[in-house]
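Structure first, then comments.
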Amino acid sequence: MIKFENVSKYYPNDNIAVKSLNLNIRDGEFFVLIGPSGCGKTTTLKMINRLVDISQGTIYINNKKISEYNIHELRWDIGYVLQQIGLFPHMTIEENIAIVPELKKWDKKKVNERITELLESVGLEPDKYRKRKPSELSGGEQQRVGVVRALAGDPKIILMDEPFSALDPISRQKLQQDIVKLQKRIEKTIVFVTHDMQEALALGDRICVMKDGEVVQCDTPTNIISNPKNDFVENFFKSGNAYNTCVLKGEYKVKDLIDIELYNHYKYKTQNNNIIIDDESSFEDLLKLLKDEELILVRHKGQIIGTIDSNNVVKFISMQLEKGGDV
Ligand code: ADP
């Protein structure tokens, strides 16, 4: 749906922010751009809604060049959430959320219903919050409003630039969980910038790792972890602290997932072609098997107790990174 074709961005000081980028972001996908500071993530994001002009190449949305869209319509149809929440301080929460729907000339009843629905969807009681000013909300609550405001006009695409990085860890984790649930339900395409690997693993359908304005690897979380393309990608996961490193060194065992019930319980019936892993096996062995198999049977004390899939693994790694802090 969003296609980058040989897209480059040069800033006037001859700074090449993005080099010949080719991306295909699918409909309904949660697409994460990650990489160290200055690698071109924000520039990539802002070229989609034309906040930054492209120097070379073309971006298409639904097979139409973004340069051919009316710029206002393009921006209305693309929600945008920033780290600095950017709610208007003198407007109430409901007025903040209503901005785009009102620009789109929705009738009052529809706008009101939308505000109620959106506030409920992120756990903010509509009657309690709609008349408040942003300053009467906590940082986490304000960012929730920031997120639903971006959704208010029912855009097909939402761009998010480090939206949760200023939040405390608990609010951040809660909002991450909410946004995943929300996205599954509303089926929007989300392009999400972060430098936090835990966040990328927790959220992304695909993760695009960037370095010096170029894509190093664009893949599913499982493939990025189990099959990093080069040392840069691998080190990006490993960096940080010993806790993170031991995930990749295989010091965890399959048993660690089982202990926290991170597997799919089911009654075993003999099936051919199923691959079995012992719970004493290393985590690394599990990752290798998951490269080729969607579902692995897991054996504990000689008995098959269930299956493990890549979602379980990604959740596990994400939880370990969360415990160990930022990457
Ligand atoms: P990231 O989001 O990954 O931190 P950016 O996209 O913000 O990276 O920046 C990529 C590169 O482009 C950096 O080297 C940055 O200094 C440069 N850059 C970004 N915005 C501008 C600008 N307005 N003028 C000149 N250089 C810029």
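The values are calculated or read from the model by the stated rules, or taken from the named source; none is laboratory data. Just so it is clear, the model here is predicted, and its values are computed rather than measured. Positions of Cβ are generated from backbone atoms using ideal geometry, with glycine treated the same way; all protein chains shown enter the neighbour counts. In case anyone asks, the SASA skips ligands and DNA or RNA and just uses the protein heavy atoms, side chains included. Shrake-Rupley method; radii C 1.70, N 1.55, O 1.52, S 1.80 Å.
A few remarks follow.
- Phi-derived couplings, Karplus 6.51 cos²θ - 1.76 cosθ + 1.60 at θ = phi - 60°, listed residue by residue for the stretch 137-149: 10, 6, x, x, 5, 4, 5, 4, 5, x, 5, 5, 4 Hz, with x used for Gly and Pro.
- Prolate/oblate/rounded label for the stretch 1-71 (Cα gyration tensor, a/c 1.5): oblate
- Relative contact order for the stretch 2-245: 27 percent, from Cα pairs under 8 Å spaced at least 6 residues apart, divided by residue count.
- When the P(r) is computed for the stretch 24-175, the part past 20 Å accounts for 53% of the Cα-Cα pairs.
- The residues neighbouring Ser310, those whose beta-carbon lies less than 11 Å from its own, together hold a net charge of -1 under the Lys/Arg +1, Asp/Glu -1 convention.
- The smallest convex shape that holds all Cα atoms of the stretch 60-115, its convex hull, gives 114 Å³ per residue.
- Nonlocal amide H pairs with Asp278, under 5 Å, H built at 1.01 Å: Arg299
- Here the ratio of the Cα radius of gyration of the chain to 2.2 N^0.38 Å is 1.09.
- Label-point separation, Arg26 to Lys301 (7 Å along Cα→Cβ), nm: 4.1
- Efficiency of FRET from Cβ geometry, Lys255 and Leu51, R₀ 35 Å, rounded to 0.05: 0.10
- Percent antiparallel among DSSP beta bridges (both partners in the stretch 112-244, rounded to 5): 50
- Arg299 accessible area, 1.4 Å probe, all protein chains in place, Å² to nearest 10: 80
- Against the chain, whose longest principal axis is taken from its Cα atoms, helix 169-186 shows a tilt of about 80°.
- DSSP beta bridges confined to the chain are antiparallel in about 55 percent of cases.
- Each residue of the stretch 31-48 was assigned a 3J(HN,Hα) from its phi angle through the Karplus expression (A = 6.51, B = -1.76, C = 1.60, θ = phi - 60°), giving 10, 9, 9, 9, x, x, 4, x, 7, x, 5, 5, 4, 4, 4, 6, 6, 5 Hz with x at Gly and Pro.
- The chain: angle of helix 283-292 to the longest principal axis, Cα-based, in degrees nearest 10: 70
- Folded to 0 to 90 degrees: helix 93-103 orientation relative to the chain principal axis, Cα: 70
- Cβ-derived FRET efficiency at R0 25 Å, Asn15 paired with Thr58, nearest 0.05: 0.70
- Extension gain for Leu103-Glu214 works out to 36.3 nm (0.36 nm per residue, less the C-alpha to C-alpha distance).
- Remark on Val193: its backbone amide H falls under 5 Å from those of Leu33, Met160, Asp161, Glu162, a criterion applied only to residues 5 or more positions apart or on other chains, H modelled at 1.01 Å from N.
- Normalising the Debye intensity of the stretch 150-189 to I(0), with uniform scatterers on Cα atoms only, and taking log10 at q = 0.18, 0.26 Å⁻¹ returns -0.55, -0.97.
- In summary, the stretch 110-156 shows an alpha-carbon radius of gyration equal to 1.07 times the 2.2 N^0.38 Å reference for compact globular proteins.
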